[in-house]
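Trainee: Below you'll find the structure I mean.
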């Protein structure tokens, strides 16, 4: 019996430490779970109860105040914990975990923590350390999140000229000084800048706050470069406490060439609520600018930069301590265009110097062998800098008034115009390829007073020649093209018939919306509800009827003569680039692309090219001859209006028999009696400079 009792006592002595160890482990895990649960619930006073009383000199209120100060600075919306572990290291019990602060601005900020578990006569406790709140944190420290702005990508021409840039505005500011008579300063600023009462009051509030918080300056207003006159600057800088900054305070989108590239670049503005929500979904939650028009809008996601952030710790007196975490900013990518700065400026100034107030139009230059756009001006133009920082009601009213001729309207892409005789080299194609006529076919009927009444059933007025036609001899294809004779093309279309003619229109893409990088109108073949008839067929043969096309689509159609019958898709952007470290790399290269293939046979091209050369040699475009260059061209005029007093006048021409091929189109819309200067403009655009290029 004694032996059995001794054995039981020995067994109990052996098990007790293990049992105690197991119980302690359970207690430690329970404490860890409870403590971390309170952390996730933001019950900081409850957490404080777990700290060993000898490890903290503060109170529960101090701990809660410090923690809330950090969380509020971070903008933490949620607290979670991961990687929780209770372990024994060097005979010390430790609780390890990572606390995750989920913030809206800086994402998830993590803090790896390690807490010593202490056992004393009162039980188990956790050793307090300020770094449990944040690494390197000490009581009273301040946390700040600094935005590292991602810059918007810029837009460049083919020669590297920047046409949409990030630049600093001319910023009027007040230097903060306790001795400044701020009322007098604001009064003087109100007189000079015509500030409203509301604006003046806002400046006063900002100034008072800056004075209280020891800020160095208060921004009054930012102006796009060049907007302030020398006299205004002198007057502003004469006001006590006022200065003008040009290189550090206000970064804005700037268009250094003003009007010249406006319909290509478009402009930016502050995002609307709807746009901001869409940008946030695409990964740009902090975007302050969004493309509103032009390439700025089309390539907005490419150009957008992504803001980074730096979470940093400072002492209570503002001295920097450490960076807690950092996400570098990601700058937007740059657009490199095929547009030539020289050609674009030449097109703009040619139009600006010749157009009358009542005239509008467009000039387009393409590389006829690649389809890339080398110049594109819609006239009149506008200054996109007006939209930087928000356009004023007065400026917007001026741009949209009836007298303004709609400068915001991109006529090259959105305008729909009857192509007139520019359409004849295409309307004749199906008649040639079906064998209805040949290049030698002569018009067989009598023309009286420049008019012809087709045989068979004809209940409409006779077909008449246009203003440019001066045919006198036998009327064959070459003569008809040179003189742009409506009668010949009407006759060929009637011989061909409606069905084959309309089938070819569809093959050309008439009635479709041609893909393009900017907003573009859908071309029109027939109006809804219109029934085809012989009169409409003849009208369409010389580019009228209900035919309407955007000028860029007409220019594209003419690339078929340089590409074995393929119509090329026009493009503005040739490359997209970005900076990676110390390198500037290409992320995308745009390639030549066919829009409509084989719209005419090689034999048809060989038939038509000599006739189009003769338009320059001895026809309606002979004034554009350039020494040393072989040119082909076609002129066109569409008379408009019920009283026939308006016209859309066209000229397209291109280099023939050259290694490179430049194609230029000019369209002028306005009163019929006005000189349209289309020959002068196209000749200027096709004439190489001394360097043989633009």
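The values are calculated or read from the model by the stated rules, or taken from the named source; none is laboratory data. Everything quoted here is computed from the prediction, not taken from an experiment. Using ideal geometry, Cβ is built from the backbone for each residue, glycine included, and neighbour counts are taken over all protein chains shown.
Trainee: Can you pull out every residue in the range 591-624 that is in contact (Cβ under 8 Å) with a residue 40 or more places away in the chain, surrounded by fewer than 21 Cβ atoms within 10 Å (Cβ to Cβ) and either part of a loop (DSSP other than H, G, I, E, B) or assigned by TED's automatic domain parsing to the domain that holds residue 303 (or both)?
Mentor: Within the range 591-624, 592, 593, 599, 601, 618 qualify.
Trainee: Which one of the conditions (1) closer than 30 Å to residue 280 by Cβ; (2) surrounded by 15 or more Cβ atoms within 10 Å (Cβ to Cβ); (3) free of Cβ contacts under 8 Å to residues at least 24 places away in the same chain does residue 392 fail to meet, given that it meets all the rest?
Mentor: The single condition residue 392 does not satisfy is (2).
Trainee: Within the range 70-96, take every residue that is touching a residue at least 60 places away in the same chain (Cβ under 8 Å) and out of contact with any helix residue (DSSP H, G or I) (no Cβ under 7 Å at 6 or more places or on another chain) and give me the one that is surrounded by the fewest Cβ atoms within 10 Å (Cβ to Cβ).
Mentor: Among residues in the range 70-96 that are touching a residue at least 60 places away in the same chain (Cβ under 8 Å) and out of contact with any helix residue (DSSP H, G or I) (no Cβ under 7 Å at 6 or more places or on another chain), the one surrounded by the fewest Cβ atoms within 10 Å (Cβ to Cβ) is 75.
Trainee: Restricting attention to the range 373-396, which residues are touching a helix residue (DSSP H, G or I) at 6+ places or on another chain (Cβ under 9 Å) and part of a loop (DSSP other than H, G, I, E, B)?
Mentor: Across the range 373-396, the qualifying residues are 380, 381, 382, 383, 391, 392.
Trainee: Among the numbered criteria (1) surrounded by 21 or more Cβ atoms within 10 Å (Cβ to Cβ); (2) more than 27 Å from the chain's Cα centre (by Cα), which single criterion is violated by residue 507?
Mentor: Of everything listed in (1) surrounded by 21 or more Cβ atoms within 10 Å (Cβ to Cβ); (2) more than 27 Å from the chain's Cα centre (by Cα), residue 507 misses just condition (1).
Trainee: Which ones in the range 43-61 are surrounded by fewer than 16 Cβ atoms within 10 Å (Cβ to Cβ) and in contact with a helix residue (DSSP H, G or I) (Cβ under 9 Å, 6 or more places away or on another chain)?
Mentor: Matches in the range 43-61: 43, 45, 49, 58, 59, 60, 61.
Trainee: Then there's this: Out of curiosity, is residue 109 surrounded by 17 or more Cβ atoms within 10 Å (Cβ to Cβ), part of a strand (DSSP E or B) and under 46 Å from the mean Cα position of the chain (by Cα)?
Mentor: Yes: the conditions hold for residue 109.
Trainee: Look at the range 97-106 and say how many of its residues are surrounded by fewer than 18 Cβ atoms within 10 Å (Cβ to Cβ) and not in a strand (DSSP E or B).
Mentor: 2
Trainee: Any idea which residue in the range 176-192 is nearest to residue 246 (Cα to Cα), counting only those that are out of contact with any helix residue (DSSP H, G or I) (no Cβ under 7 Å at 6 or more places or on another chain) and assigned to a helix (DSSP H, G or I)?
Mentor: Only one residue tops the list, namely 189.
Trainee: Quick check on residue 243: is it surrounded by fewer than 16 Cβ atoms within 10 Å (Cβ to Cβ), assigned by TED's automatic domain parsing to the domain that holds residue 172 and at pLDDT 90 or above?
Mentor: yes
Trainee: Where in the range 193-309 are there strands (runs of 3 or more DSSP E), lying fully within it, with 1 or more residues that are more than 25 Å from the chain's Cα centre (by Cα)?
Mentor: 217-223, 242-245
Trainee: Let me ask something else. Restricting to the range 108-130, give me the number of residues that are in contact with a strand residue (DSSP E or B) (Cβ under 7 Å, 6 or more places away or on another chain) and within 22 Å of residue 42 (Cβ to Cβ).
Mentor: Qualifying residue count for the region: 12.
Trainee: Check 117, 186 and return the single one that is in the same structural domain as residue 51 (by TED's automatic domain parsing), modelled with pLDDT of 90 or more and either within 25 Å of residue 267 (Cβ to Cβ) or surrounded by 14 or more Cβ atoms within 10 Å (Cβ to Cβ) (or both).
Mentor: That would be 117, the only listed residue that is in the same structural domain as residue 51 (by TED's automatic domain parsing), modelled with pLDDT of 90 or more and either within 25 Å of residue 267 (Cβ to Cβ) or surrounded by 14 or more Cβ atoms within 10 Å (Cβ to Cβ) (or both).
Trainee: On the given criteria, is residue 644 free of Cβ contacts under 8 Å to residues at least 60 places away in the same chain, at positive phi and assigned by TED's automatic domain parsing to the domain that holds residue 370?
Mentor: So residue 644 fits the description; yes.
Trainee: Which condition from (1) without any contact (Cβ under 8 Å) to a residue 12 or more places away in the chain; (2) under 19 Å from residue 155 (Cα atoms) is the one that residue 333 breaks?
Mentor: Exception for residue 333: condition (1).
Trainee: Inside the range 329-372, can you point out the residues that are within 30 Å of residue 310 (Cα to Cα) and either assigned to a strand (DSSP E or B) or more than 23 Å from the chain's Cα centre (by Cα) (or both)?
Mentor: Scanning the range 329-372 gives 330, 334, 335.
Trainee: Can I ask one more? Can you tell me which residue is surrounded by the most Cβ atoms within 10 Å (Cβ to Cβ) among those in the range 397-410 that are in a loop (DSSP other than H, G, I, E, B) and touching a helix residue (DSSP H, G or I) at 6+ places or on another chain (Cβ under 7 Å)?
Mentor: By that ranking, first place goes to 410.
Trainee: Is there a residue in the range 143-158 that is part of a strand (DSSP E or B) and over 43 Å from the mean Cα position of the chain (by Cα)?
Mentor: No: zero hits.
Trainee: Out of everything in the range 455-483 that is closer than 17 Å to residue 545 by Cα and crowded, with 17+ Cβ neighbours inside 10 Å, what residue ends up being modelled with the lowest pLDDT?
Mentor: Result: 466.
Trainee: Which residue, of 538, 559, is within 18 Å of residue 481 (Cβ to Cβ), in contact (Cβ under 8 Å) with a residue 60 or more places away in the chain and touching a strand residue (DSSP E or B) at 6+ places or on another chain (Cβ under 7 Å)?
Mentor: When all the criteria are applied, what remains is 538.
Trainee: Additional query: Could you identify the single residue in 575, 517 that is modelled with pLDDT of 95 or more and within 16 Å of residue 376 (Cα to Cα)?
Mentor: Going through 575, 517 in turn, the sole match is 517.
Trainee: Being at pLDDT 90 or above and under 22 Å from residue 144 (Cβ atoms): is that true of residue 49 here?
Mentor: no
Trainee: Check 138, 61 and return the single one that is part of a loop (DSSP other than H, G, I, E, B) and farther than 30 Å from residue 265 by Cα.
Mentor: Answer to the check: 138.
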